[in-house]
1. I'd like the distance between the alpha-carbon centres of the range 162-202 and the range 260-315, rounded to an integer number of Å.
2. Beta carbons within 10 angstrom, averaged per residue: use that to sort the peptides 266-276, 91-101, 186-196, highest first.
3. Helix 191-201 sits at what angle to the longest principal axis of the chain, using alpha carbons and giving 0 to 90 degrees rounded to 10?
4. Round to the nearest 10 and give me the degree value, 0 to 90, for the angle of helix 83-95's Cα axis relative to the longest principal axis of the chain.
5. Could you sort 19-30, 116-127 so that the peptide with the highest average Cβ count within 10 Å comes first and the rest follow in order?
6. Of the listed peptides 66-73, 42-49, what is their order by residue-averaged count of other C-beta atoms within 10 Å, with the highest listed first?
7. Taking the Cα-to-Cβ direction at residue 33 and at residue 225 and moving 7 Å from each Cα, how far apart do the two end points lie in nm?
8. Calculated from DSSP H runs of 4 or more alone, at -39500 (n - 2.57) each and per residue, what is the 222 nm mean residue ellipticity of the chain, nearest 500?
Ligand SMILES: [Zn+2]
């Protein structure tokens, strides 16, 4: 029942989208309301009295004379694109089932590949920062996972060369239903890495269930309770009910990334993982994903292309 409710929910239709956000004016009004729900606030000094310089659509503060545009200081900063294109991109990124590649976005938006790539990665960055700011709670199924290499006949799993390690964590209810998930790239499966990750991503009240891999004991450094379940590892561990969801979700993320994207650049893996998790964590409310992502986007710091193309920090 629950599965059907997720799959058959209404979402946000394309005609509905164009009715609401089809014109540049509609997008500007919506963005203003998301950025300043209680009316304009100067980002420099916090005063609210201002005038609008209509020639270049700048808001000027009466108090400190600082001029700001609707998009400055947000993930949309310095964009040369109309907001209608950005909004359509957010629509496509949030409403397509398994996400949309930069190549597909390029076709749908009618922009260059480079522009589409930049839009896509900026929106994934917003998703990542948002989820990273919200620690998981409850019962956590945790496991080590690896990206890459498998299709080239290399050694699988732990200890395999040229594979990127990432920690997979799925928060479940007492009834074993999955609530939320977080997949983060790590430098490796060491106690230090797991302790740092747990301090950022887990509530201290969590109970973490993992296999016997030594590094997982470090979740206790974040105040969490640790329940190790020793398995034979590999295929054996899949059989344990305690790991059903984390194993399923590791399989799903790999299938989704391989299916949607021609190639996932290794150095950008954290963003792709974050996008998958963001979508999963909000699966019960597909229609709301559009305004919620836009709302967070105006609260996410600018990410110039040169930063976007750098390899990301782990975690
Ligand atoms: Zn001011």
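1. Here the two parts' Cα centres lie 17 Å apart.
2. On the way: 266-276: 21.5, 91-101: 19.0, 186-196: 16.7.
Top of the packing list down: 266-276, 91-101, 186-196.
3. Between helix and principal axis, roughly 40 degrees.
4. It works out to around 20 degrees.
5. Values: 19-30: 15.1, 116-127: 23.6.
Descending packing order for the listed peptides: 116-127, 19-30.
6. Numbers: 66-73: 16.9, 42-49: 13.4.
Ranking, from highest mean packing down: 66-73, 42-49.
7. For residue 33 paired with residue 225, the spin-label model returns 4.5 nm.
8. Values: 12 runs with 125 residues, N = 315.
-12000 deg cm²/dmol, from helical runs alone.
All of the numbers you see were taken from the coordinates with simple rules; none came from a lab. All figures in this text were calculated on a predicted structure; none of them were measured in a lab. Please note: Cβ atoms are built from the backbone with ideal geometry, for glycine as well, and neighbour counts cover all protein chains shown.
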